Amino acid sequence: FSTMTQHVYFASLAGSTMTDGQLISTAVDIDTALALAQTYAPAEIKIIDSANISTPKSITADITIGSAGFSRKTIMFTSTTASINVQTAGSLQFSSVILDGLSLSRTQAPLMVMGNCSLYNTDIKNSISGAMGGAVNVSGAASLYMERGLITLCSASYGGGIYCSPNSTLGIGPGAIVTGNTATMGLGGDVFLDPSATYTNTGGTVGNLYQ
């Protein structure tokens, strides 16, 4: 994943839609920041305080979302349809943030990955899905890499934390922890891997793994 960015946009909960987002004092809301980042990708979004996702968001470019300052900021999925969908042409990196599903029952994972996604020092919690993948669904030839983060308190029919479909790739790196999740159908309480999925673990912790 590329870490070089040409544009940085600041987002805040009360951000304006009428400013450029290029300074903390001209922060925009998360919707505007995502639109700007995709237009001028590769780009980075820095969250000042917190952010609310209320509708599905489609990622089709190279974007990094992180926290401004030293503390991790929280991205809250505030409706049952809220999600971030990384399309096949998209590449999304989360760095030092917390994704909170607010324990709302939804029809899919809040993070749907059809392209490339990485989680660095990023937690996902409190997400309830009636489908595959409580926190993350990795679909098709997509890939997910996780390092120094926690996925917990999530549930789904299969893959309470992460669900990996045929031909997908999952990498669990140092310090990554996926535990304390639930598969309501009994398979893959923390991670469900299709037999054709590629899986590597280089120092992380996965509780209940089905493959």
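The values are calculated or read from the model by the stated rules, or taken from the named source; none is laboratory data. Note that the structure is a prediction, hence the values are computed from the model and not measured. Counting neighbours? That spans all protein chains shown, and the Cβs are built from the backbone with ideal geometry, glycine included. Keep in mind that these areas ignore ligands, DNA and RNA; they rest on the heavy atoms of the full protein, side chains included. Shrake-Rupley method; radii C 1.70, N 1.55, O 1.52, S 1.80 Å.
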Using only the Cα atoms, work out Rg/Rh for the stretch 11-80, with Rh taken as the Kirkwood radius, to two decimals.
-> 0.93
Divide, for the stretch 33-115, the radius of gyration over alpha carbons by 2.2 N^0.38 Å, where N is the residue count.
-> 1.04
Largest first, how would THR88, THR55 line up by accessible area (1.4 Å probe)?
-> THR88, THR55
If you build a Gaussian network model of the chain, linking Cα atoms that sit under 10 Å apart, which residue out of ALA11, ALA68, ALA135 swings the most?
-> ALA68
Express the relative contact order of the stretch 22-132 as a whole percentage, based on alpha carbon pairs under 8 Å and six or more residues apart in sequence.
-> 22 percent
Partner aspartates and glutamates for LYS73 [C-alpha distance under 19 Å; skip if fewer than 8 residues away on the same chain] | ASP29, ASP31, GLU44, ASP49, ASP100, ASP123, GLU147
Please give the FRET efficiency for THR198 paired with ILE24, using the beta carbon to beta carbon distance and R0 = 45 Å, rounded to the nearest 0.05.
-> 0.65
FRET efficiency, 1/(1 + (r/R0)^6) with R0 41 Å, evaluated for MET185 and TYR40 via beta carbons | 0.45
For the stretch 73-211, rounded, prolate or oblate, judged on the Cα gyration tensor with a ≥ b ≥ c (square roots of eigenvalues), a/c < 1.5 rounded, else prolate if a/b > b/c?
-> rounded
Nearest 20 debye, what's the magnitude of the dipole of the chain about its Cα centre given +1 on Lys and Arg Cβ and -1 on Asp and Glu Cβ?
-> 180 debye
Using a 1.4 angstrom probe, figure out how much accessible area the stretch 3-161 has per residue, in square angstrom, rounded to the nearest whole.
-> 38 Å²
Top of SER54, SER155, SER25 by mean-square fluctuation, Gaussian network on the chain, Cα under 10 Å | SER25
Applying 1/(1 + (r/R0)^6) with R0 = 45 Å to the Cβ-Cβ distance of SER58 and THR205, what FRET efficiency is obtained, to the nearest 0.05?
-> 0.90
Taking only the alpha-carbon atoms of the stretch 1-140, the convex hull volume per residue, in cubic angstrom, is 92 Å³
Given only helices, namely DSSP H runs of n ≥ 4 each adding -39500 (n - 2.57), what is the per-residue ellipticity at 222 nm of the chain, to the nearest 500 deg cm²/dmol?
-> -1500 deg cm²/dmol
So what J values fall out for the stretch 156-164 if you push phi through Karplus, 6.51 cos²θ - 1.76 cosθ + 1.60 with θ = phi - 60°, rounded to Hz, Gly and Pro as x?
-> 7, 4, 9, x, x, x, 10, 10, 10
